[in-house]
Amino acid sequence: RLLYAGKYLDPNGQVHDIWFGFVLHRHRSGKLWYTLKYSAAKNNVPLGNRNVGQVKRNLITFDHHWVEHWRCHLTENGQWNFGHATLGRSRLRQAAASKCYPNSRILLSPRNIRIGIWSAWAGTALHVIRDFLGGNMAADRAGQVHFDVLQTDRIEAAFWELGWRVDWRAVRKANKHVRNSHVRLAINSRSWKRHQPIMVDEHQQNSRNVKTIMDSIRKGNPENHDYDTDEESSDDESDPFRSDSESSDSGSS
């Protein structure tokens, strides 16, 4: 899927919307990397010139967090460093992993998101989000190791599909709080309240419906987070970041 980047000037000086996404490549050695793809429309129509007119300075608006994230990939005059590669070099991976959205633990890089995995749970991403917030994705499944990790991946991917980013650890902890009967609904979990999701693509269809659903469920189902402070003393503040191996261990959908 594509994310809204901003406005750009075409060679004739006309202003247009511009979108971008990532294309996954696999080297014969097995290594993976991504290249950045620009589009003049949300339906994945590629731009004829990948440099958007002449150079990247033709991007006349660009969301602040994207500017910060891509600074290391662009030269002063707007040309690419390292060709069109965004991943595959250890220094770039480390730089991306160390940067989060302001005042959050949500990584700017989407590299860990298992895009599309939500569809194994429900027919629409909005349905998955509603089930999660309502506490219907918290139960373990007998015989399936790390099922909670798989469910967390599905929830994260569903939010991403609709233009939102979530704190992966907060989602997993919220499901745990429901499973342990500290709350009935995940949206009322202390962890979820402390680490709210972020809308990153307001132009994505149904992105605003996510906020509407969250507000509706929250207002219609008030409850306090009931938990044993000794049992939950570590909570999610000291949990480590999700690792790549943790996602891969969850198995297929």
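The values are calculated or read from the model by the stated rules, or taken from the named source; none is laboratory data. This structure is a prediction, so every number in the text was calculated from the model and none was measured. Don't worry about glycine lacking a Cβ; one is built from the backbone with ideal geometry, like all the others, and counts go over all protein chains shown.
Residue-wise test of (1) among the β-branched types (Val, Ile, Thr); (2) under 16 Å from residue 218 (Cβ atoms); (3) without any contact (Cβ under 8 Å) to a residue 24 or more places away in the chain; (4) not assigned by TED's automatic domain parsing to the domain that holds residue 127.
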{"position": "168", "(1), (2), (3), (4)": "no, no, no, no"}
{"position": "175", "(1), (2), (3), (4)": "no, no, no, no"}
{"position": "189", "(1), (2), (3), (4)": "no, yes, no, no"}
{"position": "195", "(1), (2), (3), (4)": "no, yes, no, no"}
{"position": "198", "(1), (2), (3), (4)": "yes, no, no, no"}
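Does residue 253 count as touching a helix residue (DSSP H, G or I) at 6+ places or on another chain (Cβ under 9 Å) and at pLDDT below 90? I'd like the intermediate steps shown before the answer.
On the way: touching a helix residue (DSSP H, G or I) at 6+ places or on another chain (Cβ under 9 Å): yes; at pLDDT below 90: yes.
Taking the combined requirement at face value, the residue satisfies it.
Does the range 138-159 hold any residues that are closer than 11 Å to residue 172 by Cβ and either without any contact (Cβ under 8 Å) to a residue 12 or more places away in the chain or aliphatic (A, V, I, L, M) (or both), and which are they?
Applying the first criterion (closer than 11 Å to residue 172 by Cβ) to the range 138-159 yields 138, 146, 148-153, 155-156.
Residues satisfying the conditions are 138, 149, 150, 155.
Within the set of pairs 6 or more residues apart or between chains, which connect a residue that is at negative phi and modelled with pLDDT of 85 or more inside the range 98-111 to a residue that is crowded, with 20+ Cβ neighbours inside 10 Å and of a type in the set (Val, Ile, Thr) with Cβ atoms less than 8 Å apart?
Filtered contacts from the range 98-111: 106/166.
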